[in-house]
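Rule-based calculations on the coordinates, nothing more; no lab input. Note that the coordinates shown come from a computational prediction; the quantities given were computed from them, not determined experimentally. Cβ: placed from backbone, ideal geometry, glycine included. Neighbour counts: every protein chain shown.
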Amino acid sequence: MAQFSRVTRSYQITIPKEIREKAGIKQGMLISFELREDGILMKPMKLVPASQEWFWTEEWQKGEREADEDIREGRISEPMSLDEMREYFEKDQMDEKL
């Protein structure tokens, strides 16, 4: 069911409580606005520190989705002990020398 809010003199609106709660909108959050043919799309946004921007690139997220799928499908191996890891890398280095 549609809900309504009045635009104030300073062009502010109040997001109805039910919509705020369902969308997880909290005070101080950023909201993006996108003008579309059929209206305005509002989306809650979160700021990401510049040092973590790389994680949210499409390329990195694609890798994350692939890793998630590998885990779901059981395409993973058990963790190695430190000794097993040393042995693995020493063998790898020996193979490179051959």
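Observations, loosely collected:
- For the chain, the longest site-free run once trypsin sites (Lys or Arg not before Pro) in DSSP loop states with at most 15 other Cβ atoms within 10 Å are removed: 47-74
- Angle between the chain longest axis and helix 58-72 axis [Cα atoms, degrees, rounded to 10]: 70
- D (Stokes-Einstein, µm²/s), Kirkwood Cα radius, the chain, 0.692 mPa s at 37 °C: 170
- Two-site FRET efficiency, ILE76 against GLN52, from Cβ-Cβ distance with R₀ of 30 Å, rounded to 0.05: 0.75
- Pairs of lysines in the chain whose Cα atoms sit within less than 25 Å of one another amount to 9, provided the residues are eight or more positions apart or on different chains.
- Computed FRET value (nearest 0.05) for ILE15 with ALA67, which takes r as the C-beta separation and R₀ as 35 Å: 0.45
- Low-density loop positions, GluC sites (Glu not before Pro), the stretch 1-74 - DSSP coil, at most 15 other Cβ in 10 Å: GLU37, GLU73
- Over the chain, DSSP H runs of length four or greater, each weighted -39,500 (n - 2.57), average out per residue to a 222 nm ellipticity of -12000 deg cm²/dmol.
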